[in-house]
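Here is the structure we will look at, set down as structure tokens.
The values are calculated or read from the model by the stated rules, or taken from the named source; none is laboratory data. In this text the structure is predicted, and so the values were computed from the model without any measurement. Reconstructed Cβ throughout: ideal geometry from the backbone, glycine too, with neighbour counts over all protein chains shown. Surface areas here come from the heavy atoms of the whole protein model, side chains and all, with no ligands, DNA or RNA. Shrake-Rupley method; radii C 1.70, N 1.55, O 1.52, S 1.80 Å.
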Amino acid sequence: METRRLHVLFILSIVSLLLLGCIAPAVALNDSLNEISVLSNDVDYELQADSEARIKNVIILVPDGCSQSVQTLARWYSGKPLQVDEMTAGTISTYSTDSVITDSSSAATAFATGYKTTNGFVGVGPADETVLSTLETPPEELQYSPLATVLEGSKLQGKATGLVVTARVTHATPAAFASHIHDRDMENEIMEHMVYEDIDVVFGGGSGYLIPVAEGGKRTDGENLTQVLLDRDYQLVDTRDEMSSLTTGRAWGLFASSHMASDINRPFLAPDQPSLADMTGKAIELLSQDKDGFFLMVEGSQVDGGTHANDPIYAVTEFLSFDETVKVAVDFAEKDGHTLVLAFPDHNTGGMTIGSYSDSEYDSTTVEEVIEPLKGMKLNSLGVTAKIGKDLSPENIKTQLKTWWGIDATDEDIAEILKLYDNGKGLSLDYAISEVISRSHTVIGWTTHGHLGGDVPLWVYGPDHPSGYLDNTEIAGYVAEKIGFDLNETSRCLFVEVGEAFSRDNGDGQLDQNEYLLDMADASNPVLRIGNAELPVSKNLLIKDGVTHELKGIIVYAPITGKVYIPNEVLSLV
């Protein structure tokens, strides 16, 4: 009895501290995280009283896998200045904790949380197995622990929030803003996090991850998240026209079961889908109705698809679509006067160059030599591959390249394409086509089908914008400061490690009020139990005495460490 009484007193003391200001259980997180971040505890994240909150809204736009060479080629191709040309303000470093060359998940985690992490991780702290020699080894309490994002912090400030992408919404970049998973490929879990994060507007692809396998979807846990969204009064749309008809309220629009069609292919292959600019304009229209302001993250997801494939027309048309979207954001910001627009790639992909090893007379390269091969391309390499279909005869490949790219491929070109493809055992067919045609019929060069470790440009518009050389982690800190919250404080509010506040089940067959256990009877749908309260993992729900409470954050399970994290409000409810 005395032991139980001490536990109750301990819990009450934690509740009091947390309700007074989110201090205590995760206090070690504050110091530990900063060992591998450029942010420091000296940064003041509180807006001054006389600032009158100059920045009310923040729009972040990311052209995934882009470089300044893509920007330059897009300018030549379009024949006019770009929106981002007049917004250049600095450069951003991109490395992760375990590699000089980042991937999208760790890069987005840095932008979203202010902390570097391991490649492949979204919204959680790094592992300690492979850390760059220039960084501190992350302490145990940091590893795999969830990190609050600028989207979550904005939501707690009362702002509306949104995500707009052309990839699956569960892909790495959006996932890092709205989920906390140690593996970017766990897209079923990522989608569940997103649904229960209560984001106001979500537009993109990936509807398959809402629906169970039995109903034609991807989910293996048997849950139908479409129904969850409907139960939460979201408007669901899946065509451009349906999206255009939205005038107010919360909405999810998933326009493809996987990634959306690329911009150049859409008129031919998916004419009912909206463009990135369409989705962004509608998201701003809906979110801006919130009197407290909004946070919106937009990704031009498929610039990366073009640069991975070494496909110049794919990369350029996706970047021009992104640039048009930046203009939509800036046009709103100009009228509003209280909106900060930040645009930047997460990393470079492909290593595009204007000029290549095959261009020996580079010092006499004309504009026509750069753009004319691209002007005849009506589809990108994915579209051409779709047109080729299963008929991989040299004659058919030649015909489709002539029809859709205006390229007179030689026998040698076709032989090399088929050799690289190797009956499906080598490069994908679109990669093989792009690699050969770029080298033989354009002056565009490439160094890899993967990512690169160089700095990327920063484009900005709005009041109090950052400039100069920044680390990618500094973006999140800057956004939090201008909106008026502290990311470390937000982490302490949203992610209390349950073992810090409650005792593990002692195994006596009775779960006391101060005890917890993780019920894995259904491994696909684990449930945290604290006394007589149930908290389903990856949801923002607490069920007690027949009453379901919606929480301000989700229950996060870190399977590698076995730890479970709960919002601090759970302590008072339990």
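What number, rounded to the nearest 500 deg cm²/dmol, is the helix-based mean residue ellipticity at 222 nm of the chain, given -39500 (n - 2.57) per DSSP H run of at least four residues and division by all its residues?
That calculation yields -11000 deg cm²/dmol at 222 nm.
Could you order 324, 497, 318, 412 so the one with the most accessible surface comes first? Probe is 1.4 Å.
Greatest to least solvent exposure: 412, 324, 497, 318.
Under the 0.36 nm per residue contour assumption, what length would be gained going from the current alpha-carbon distance of residue 425 and residue 572 to full extension?
Stretched fully, the residue 425-residue 572 segment lengthens by 47.2 nm.
Obtain the nm distance between the two label points defined at residue 365 and residue 331 by a simple spin-label model: each point lies 7 Å from its Cα along the Cα-to-C-beta direction.
The two pseudo-label positions are separated by 3.3 nm.
For the chain, what does the relative contact order come out to in percent, with C-alpha contacts under 8 Å and a separation of six or more?
About 23 percent, as a whole number.
Considering only the chain, what is the antiparallel percent among its DSSP beta bridges, to the nearest 5?
If we restrict to bridges inside the chain, about 45 percent are antiparallel.
Which entries of 218/378; 80/282; 56/327 have Cα-Cα distances beyond 21 Å here?
Too far apart for the 21 Å limit: 218/378; 80/282.
Rounded to a whole number, what is D in µm²/s for segment 204-342 from Stokes-Einstein with the Kirkwood radius over alpha-carbon pairs (10 °C, 1.306 mPa s)?
Answer from the Stokes-Einstein relation: 96 µm²/s.
Using a 1.4 angstrom probe on the protein heavy atoms only, line up 311, 455, 128 by accessible area, largest first.
The ranking, largest first, comes out as 455, 128, 311.
For the chain, find the longest principal axis of its Cα atoms and tell me its angle to the long axis of helix 312-336, 0 to 90°, nearest 10.
Taking the Cα atoms of the chain, the angle to 312-336 is about 50 degrees.
Once the piece of chain linking residue 156 and residue 510 is laid out straight, how much longer is it, given 0.36 nm per residue of separation minus the C-alpha distance between them?
Roughly 123.9 nm would be gained on extension.
Set the Förster distance to 60 Å, then compute FRET efficiency between residue 230 and residue 357 from the Cβ-Cβ distance, nearest 0.05.
Computed FRET efficiency for residue 230 and residue 357: 0.60.
Residue 538's amide H: which non-local residues (gap 5+, or another chain) put their own amide H closer than 5 Å, with H modeled 1.01 Å from N in plane and none for Pro or chain starts?
555, 556, 557
Which sequence of 191, 520 reflects their accessible areas, 1.4 Å probe, from the largest down?
Reading off the accessible areas and sorting them downward yields 520, 191.
Which whole-number value in Å³ per residue fits the convex hull of the alpha carbons of segment 224-291?
86
Quick one: in the chain, what % of C-alpha pairs are over 38 Å apart?
The share of Cα pairs beyond 38 Å in the chain comes to 32 percent.
Take the Cβ-Cβ distance between residue 393 and residue 285 as r, set R0 to 51 Å, and report the resulting FRET efficiency rounded to the nearest 0.05.
Efficiency, from the Cβ-Cβ distance: 0.55.
Quick one: angle between helix 276-287 and the longest Cα principal axis of the chain, in degrees between 0 and 90, rounded to 10, please.
Approximately 30 degrees, to the nearest 10.
Using the reciprocal of the averaged 1/r over all distinct C-alpha pairs, how large is the Kirkwood radius of segment 83-225 in Å?
Value: 16.0 Å, from the Cα pair sum.
Let me check I've understood the local charge: for residue 465, count other residues with C-beta under 15 angstrom from its C-beta, Lys and Arg +1, Asp and Glu -1. What total comes out?
With Lys, Arg at +1 and Asp, Glu at -1, the net is -3.
Provide the per residue accessible area, probe 1.4 Å, for segment 467-535, rounded to a whole number of square angstrom.
Per residue, segment 467-535 has 38 Å² of solvent-accessible surface.
Could you work out how far helix 104-113 tilts from the main Cα principal axis of the chain, as a 0 to 90 degree angle to the nearest 10?
50
Between residue 550 and residue 268, what's the calculated FRET efficiency when r is the beta-carbon distance and R0 is 45 Å? Round to 0.05.
Efficiency, rounded to the nearest 0.05: 0.55.
Above 12 Å lies some portion of the pair distances; for segment 396-444, what is it as a whole percent of all C-alpha pairs?
That tail contains 60 percent of the Cα-Cα pairs.
Say the cut-off is 30 Å between C-alpha atoms; which of 116/552; 159/539; 116/291 go over it?
116/291
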